[in-house]
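Data block below; observations after.
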Amino acid sequence: MQNWSTFRKMKASADEVEEYILEMAKNAVTDTIRRYVGLLESDISKLEKDRWFEMHPAALVNFKQQGIVLLNFGIEEIWLDKILDARSDFQAYVFTPERHRDQHQSIFSSLDTLFLSLPAPTGFLLNINKPATGYYYTKRLAPLAADKLPDNQFLTEYFRAPLVSAIEWYKTYSKQILAVEPK
């Protein structure tokens, strides 16, 4: 039973670290939304349960009156073990949640063509439909050194920086993106 007590303490500590990471991710999202007020919409309700969040430019909601959100920016797999592991799937992304809807394939075909002609957001790679349908750009986030975990400012910036990169990219190319027409 001595080992059980030690295990419970270790588990409680791990849970506290997971909650702390979520809090820093929330701070990053909140600060980013505040910084780009009016440009972005976000729903961070998935963060606590599913360990991911995303935001999207308000101008891309109901794109061309088609009932679709054209692009989301986000980070997925926000778990301590993923953040510390160099082999994990921890990544930021530019994603279209509607890609699977057949009636909009002509819009996405045009978007594919546009994105092939544009530079990627800083630090991101163009990966159309990789690792799964709907992805456009991905950025594998570098594993975090454990000694950086207690640094609130560093950890918040760790989550915020890839989002800002994607948002600034969108701001630069928003006119071209908004002009996309079905093929």
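Skipping prolines and chain starts, which residues have an amide H placed within reach, meaning under 5 Å, of the one on Q91, given they are 5 or more residues away or on another chain?
E76, L141
Let's see if you can work this out: charge +1 on each Lys and Arg Cβ, -1 on each Asp and Glu Cβ, no other charges. What is the dipole magnitude of segment 2-178 about its Cα centre, in debye to the nearest 20?
My answer is approximately 320 debye.
Please list the non-local residues whose amide H lies under 5 Å from the amide H of T96, H modeled 1.01 Å from N, same-chain partners needing a gap of 5 or more.
Amide H to amide H, under 5 Å and 5 or more residues apart or across chains, T96 pairs with N72, Y135, Y136.
Take each complete run of DSSP H in the chain, measure how far its Cα atoms stretch along the helix's own axis, and keep only those covering 24 Å or more with mean Kyte-Doolittle hydropathy at least -0.5; list them.
152-178
Could you rank the peptides 164-170, 144-150, 4-10 by their average count of other C-beta atoms within 10 Å per residue, with the highest value first?
164-170, 144-150, 4-10
Note the full-extension length gain between E77 and K26 as 0.36 nm times their separation in residues minus their Cα-Cα distance, in nm to one decimal.
Full-extension gain reported as 17.0 nm.
Within straight cross-link reach of K175, meaning Cα distance under 19 Å, which lysines are found once same-chain residues fewer than 8 apart are removed?
Partners found: K64, K183.
Put +1 on the Cβ of each Lys and Arg and -1 on the Cβ of each Asp and Glu in segment 29-183; which of L155, G134, Q66 then has its Cα farthest toward the positive end of the dipole?
The one lying farthest along the dipole's positive direction is Q66.
Any read-out appearing in this document is the output of simple, stated calculations on the displayed coordinates, not a laboratory observation. The structure displayed is predicted, hence computed values, not measured ones. Every residue, glycine as well, gets a Cβ built from its backbone with ideal geometry; the counts of neighbours run over all protein chains shown.
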